[in-house]
Amino acid sequence: MSTQFKDTLTVILPTYNERGNINKLIQKILDLRTNYAIPTQVVVVDDNSLDGTAATIRRRYSNNRKLELIVRLYEKGLATAILTGIKAATTNYIAVMDTDFNHDPEVLTKMWKYRNTHQLVIGSRYVSAGGMQNRFRYWLSFLFNLFLRGILQHGVHDNLSGFFLMKTRNLKQLGTNKIFYGFGDYFIRLIYRAKRKKYSVIEIPVFYKNRTYGISKSRFLVMLYTYTLSALRERFSI
């Protein structure tokens, strides 16, 4: 992919069975280039989706030099998919977001403004103007985040959103291989290690709308156990 601009952003999209969302999302991200003068490109890392996500992308974007599609045949998992995207990116800024429209691509325009003043920019549901349309899930995640903040002691409100933007160099200095494994618990490790390295962190409000296609891959009881364990390991080096 071309990197002709000084500051260029790669948006990494890990996908599994997101055929109904993905092309619309890709287009909204690529439109940031023309609508907001943000030089943007996309890396999609698909875990060999059974619903034809990759084929859907190829039909529309096979000749678009601003998009790279990576299909993983022998490995699955959210965090390692993100790591694959990080390794493929050639730009000096990276953003990661969900592919179910929980994360509004328009928020990237706000995050982009802070790229030179903060080393980690987070999309957060738990700052002013943030939130979720699903109130039950909002309060469940809110309480869990309070619990995680009690363990981690760093003051970041949303340790679970997975929506962030960073300078590529700063991200890699945290040790990506030691962060990006498992599922969404990678975000706990990312934030904790950024704070420990004294990175400046800012939370930008995001509002999660309900998913319009597919089903969530999250399983709360599993998350409760694995994410708590990840937080304890980071905080107490166990």
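Computed values, structure above
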{"quantity": "Residue in the stretch 44-60 that is buried (at least 19 other Cβ atoms within 10 Å of the Cβ), part of a loop (DSSP other than H, G, I, E, B) and of a type in the set (D, E, K, R) present", "calculated": "yes"}
{"quantity": "Test for GLY130: is it surrounded by fewer than 18 Cβ atoms within 10 Å (Cβ to Cβ) and either free of Cβ contacts under 8 Å to residues at least 40 places away in the same chain or closer than 25 Å to HIS154 by Cβ (or both)", "calculated": "no"}
{"quantity": "Extreme residue, farthest from PHE101 (Cα to Cα), among residues of the stretch 188-206 that are within 15 Å of the chain's Cα centre (by Cα) and not β-branched (Val, Ile, Thr)", "calculated": "ARG189"}
{"quantity": "Cross-chain or 6+ apart pairs with Cβ under 6 Å, the stretch 210-232 first and at pLDDT below 90, then loosely packed, with under 13 Cβ neighbours inside 10 Å", "calculated": "ASN210/GLN133"}
{"quantity": "Condition met for MET111 (of a type in the set (A, V, I, L, M), touching a His at 6+ places or on another chain (Cβ under 9 Å) and modelled with pLDDT of 95 or more)", "calculated": "no"}
{"quantity": "Hits in the stretch 153-205 - residues which are among the hydroxyl-bearing types (Ser, Thr, Tyr) and either surrounded by 20 or more Cβ atoms within 10 Å (Cβ to Cβ) or in contact with a strand residue (DSSP E or B) (Cβ under 9 Å, 6 or more places away or on another chain) (or both)", "calculated": "SER161, THR168, TYR186, TYR192, TYR199, SER200"}
{"quantity": "Looking only at the stretch 65-83, and only at residues there that are surrounded by fewer than 19 Cβ atoms within 10 Å (Cβ to Cβ) and hydrophobic (A, V, I, L, M, F, W, C), the one that is farthest from ALA95 (Cα to Cα)", "calculated": "LEU73"}
{"quantity": "Selection from the stretch 128-139 of residues that are closer than 18 Å to PRO105 by Cα and not in a strand (DSSP E or B)", "calculated": "ALA129, GLY130, GLN133"}
{"quantity": "The stretch 78-100 - residue that is part of a loop (DSSP other than H, G, I, E, B) and touching a strand residue (DSSP E or B) at 6+ places or on another chain (Cβ under 9 Å) and, of those, farthest from PHE163 (Cα to Cα)", "calculated": "THR90"}
{"quantity": "Residue list for the stretch 25-43, restricted to those being farther than 12 Å from LEU67 by Cβ, among the hydrophobic types (A, V, I, L, M, F, W, C) and part of a helix (DSSP H, G or I)", "calculated": "LEU32"}
{"quantity": "Residue list for the stretch 165-188, restricted to those being within 19 Å of THR117 (Cβ to Cβ) and assigned to a loop (DSSP other than H, G, I, E, B)", "calculated": "LEU174"}
{"quantity": "Selected residue [touching a residue at least 12 places away in the same chain (Cβ under 8 Å), among the β-branched types (Val, Ile, Thr) and farther than 23 Å from ASN116 by Cβ] from ILE57, ILE38", "calculated": "ILE57"}
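One line per residue, one yes/no per condition, for (1) closer than 16 Å to GLY123 by Cα; (2) assigned to a helix (DSSP H, G or I); (3) not small (Gly, Ala, Ser):
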| residue | (1), (2), (3) |
| --- | --- |
| SER141 | yes, yes, no |
| ILE151 | no, yes, yes |
| LEU190 | yes, yes, yes |
| LEU224 | no, yes, yes |
| ALA231 | no, yes, no |
| GLU234 | no, yes, yes |
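The values are calculated or read from the model by the stated rules, or taken from the named source; none is laboratory data. Keep in mind the model is a prediction, meaning the values are calculated, not measured. Here the Cβ is made from the backbone with ideal geometry for all residues, glycine too, and neighbour counts use every protein chain on show.
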